[in-house]
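Okay, structure first, notes after.
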Amino acid sequence: MSEQDDSITCRSTGLIHHPYRPPAAFEAPTQGVFKASTVYFADTAAMRSSRWIDKSAYTYGLHGTPTTFVLEERLATLEGGRHAILAPSGLAAITLVDIALLKSGDHLLLPDNAYGPGRRFAKEDLSRWGITHGIYDPMDAASLAAALTPATRLVWLEAPGSVTLEFPDLPALVRTVREQAPQAVIAMDNTWGAGLAFDAFALGVDLTVHALTKYPSGGGDVLMGSVVSRDDALHHRLAWAHSRLGFGVGLNDVEAILRSLPSLPLRYAAQDAAGRRFAQWCGTRGEFARVLHPAMPGSPGHAHWAALCKAAAGLVTVEFDPRYSAKQVDAFVDALERFRIGWSWGGPVSLAVPYQAAEMRGLPTPYRGTLVRFCLGLEAVDDLIADATQALRALG
């Protein structure tokens, strides 16, 4: 080896094991991004004694870095819990709860208006593992009571329902489970409420799931979910399952959500106001047989919403008069210019998607016309109303 090669090798070692360490006392408005798979230990004793599950130490990147620990703590505070776990998406958070808490022979209950992919996971995957599931009408506590069995170990709540936005009597549903199936864990999809519209834990639920993809991200560019709980033992069950599943999240995505969290209440309030105004306009149009928005009188469960909430997410669903065919409604959606066609919500751009209620439900549904869900972004509401007005001409 030449002297030049020796010099290059020494420089390589020096670059990797450089002695400089920056001063620790650095504070700024944004949290630092700590990326790692490997985490160093001072010695083997520290390696063997370090515990990640209570956030007292770092062991491996998958088990947390300062960046993920900070986001988890802030999310727990936002939702009124004690513990939070990050997952790669909102759906991953749902499946984590199912996998962590259910075993062969157990029974799961879902509201009929639950998030569709979560329902399909129960039907297609949990069923293959010997876990059965049932569907209940979330607007009827008696329907839930009739569906509970001695084998029921997990009951999902969703407020409001996916797409159709019915707001259930949550206290009655929680009370029903506690009285008739005390062995069951109560989980709530709290994505719509975002930790702001109502206090889920005050109602008595055991854990919440939140699609951080939506309002906490706010940019339409991050996929992530969370599970928040209060009970230590329940958290440990979830956290160990999370570890075994290897659910990791991107640290730049964590940074993006940390950066967006301080503006969450402001964005939620702005989209709430936009959604209510848009819903009121929808109520004046004869093309719509029904306007579904929990804050609108006449929307299913409005009284339940009013008893718990002062805010609402910027989602509005309309049921078109049955005289309009699905093809005509598609033409309306295609004619929209400010509203873009796409899944998700909570970002700056308004979205619209058509649905057929019968394809999403297992129980009889009152909706006969085609549905369109509008997700209000941050555009001027007058511009969105003008856009929907011009698109209605496409109905013919």
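The values are calculated or read from the model by the stated rules, or taken from the named source; none is laboratory data. This structure is a prediction, so every number in the text was calculated from the model and none was measured. Virtual Cβ from ideal backbone geometry, glycine too; neighbours counted across all protein chains shown.
Give me the residue from segment 261-312 that is basic (Lys, Arg) and either at pLDDT below 95 or outside any loop (DSSP other than H, G, I, E, B) (or both) and, out of that set, surrounded by the fewest Cβ atoms within 10 Å (Cβ to Cβ). Steps first, please.
Residues of segment 261-312 that are basic (Lys, Arg), as a first pass: 267, 276-277, 285, 290, 310.
Of the ones still in play, those that are also either at pLDDT below 95 or outside any loop (DSSP other than H, G, I, E, B) (or both) are 267, 276-277, 290, 310.
On the way: Arg267: 20, Arg276: 19, Arg277: 16, Arg290: 21, Lys310: 11.
Among those residues, the one meeting the criterion is Lys310.
Does segment 315-329 contain any residue that is in contact with a helix residue (DSSP H, G or I) (Cβ under 9 Å, 6 or more places away or on another chain) and among the charged types (D, E, K, R)?
Yes, the conditions are met somewhere in segment 315-329.
Across segment 204-222, what is the number of residues that are closer than 20 Å to Ser162 by Cα and over 10 Å from the mean Cα position of the chain (by Cα)?
Adding up the residues that qualify gives 5.
Of (1) on the phi > 0 side of the Ramachandran plot; (2) of a type in the set (Gly, Ala, Ser); (3) surrounded by fewer than 24 Cβ atoms within 10 Å (Cβ to Cβ), Gly195 satisfies all except one. Which?
The one condition Gly195 does not meet is (3).
Just to be sure, is Ser104 assigned to a helix (DSSP H, G or I), among the hydroxyl-bearing types (Ser, Thr, Tyr) and over 19 Å from Asp253 (Cβ atoms)? Steps first, answer last, please.
Details: assigned to a helix (DSSP H, G or I): no; among the hydroxyl-bearing types (Ser, Thr, Tyr): yes; over 19 Å from Asp253 (Cβ atoms): yes.
Here the answer is no, as Ser104 does not meet what is asked.
Looking at segment 17-76, which of the residues that are under 29 Å from the mean Cα position of the chain (by Cα) and among the β-branched types (Val, Ile, Thr) is surrounded by the most Cβ atoms within 10 Å (Cβ to Cβ)?
The qualifying residue surrounded by the most Cβ atoms within 10 Å (Cβ to Cβ) is Thr68.
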